[in-house]
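See below for the structure under consideration.
Each reported figure results from applying straightforward, stated rules to the coordinates on display, with no laboratory input. Values in this document were obtained by computation on a predicted structure and should not be read as measured data. Note that we place each Cβ from the backbone using ideal geometry, even for glycine, and neighbour counts take in every protein chain shown.
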Amino acid sequence: MMHSLLSFLVLCSLLFLAACDRSVDQKALSIPRLALEAGSLSYGQMTEQVVTMPISGSRIAINRELLVSEFEIQQVELVRVKLGLALMLQLSDAGARALYRASVASNGRRVVLLVNGNAIAARRLDGAITDGKYYTFVEMTDDALPDLVLDLKRSIREIKAQK
């Protein structure tokens, strides 16, 4: 009798400790990042990697160094624009400055949205982005976008909590 009570108490303690664990399983998160298309002068060098868009099959060489990391993305929203549903990423001040500099200095190149290292969207820079809001169309069906946005929002909250 005493042995089973002790076993029960140990099991309850382990369950309690597991419930209190605040660490985040990185594999369960949808980590958003922005990367800039590599310039023609760096093509073929070790400073870039090639990503493939999921639907169009477009191959884009991007810089290995991120333009905006997941720590600089403050909010993600699904918005309706003239051409359909798009994602809007609201960036921190540091992320907004990086995007602004890239949008001025790298006009004509693309910014690629990566989620867990997979390219899901690309937008060609056609002018200065001054407000820290990055809009892009995602290569997914419209039905899948709300779930993506919820996953990204949850991940951003978790990342902020760990920071």
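Calculate the translational D of segment 82-125 in whole µm² s⁻¹ from Stokes-Einstein, where the hydrodynamic radius comes from the Kirkwood formula applied to all Cα pairs, the temperature is 10 °C and the viscosity 1.306 mPa s.
Numbers: Rh = 11.8 Å.
Approximately 135 µm²/s, per Stokes-Einstein.
Which loop trypsin sites (Lys or Arg not before Pro) in segment 67-145, with loop taken from DSSP, have no more than 10 other Cβ atoms within 10 angstrom of their Cβ? Let's see the in-between values first.
Working: sites: Arg80, Lys82, Arg97, Arg101, Arg109, Arg110, Arg123, Arg124, Lys133; in loops: Lys82, Arg109.
Answer by residue number: Lys82.
Extent of segment 48-148 along each principal axis, from alpha carbon coordinates, in Å, largest to smallest?
So the three principal-axis extents are 33, 27, 25 Å.
To the nearest 20 debye, what is the magnitude of the charge dipole of segment 28-162 about its Cα centre, counting +1 on the Cβ of each Lys and Arg and -1 on the Cβ of each Asp and Glu?
Numbers: 16 positive and 15 negative charges, 51 e Å.
It comes to approximately 240 debye.
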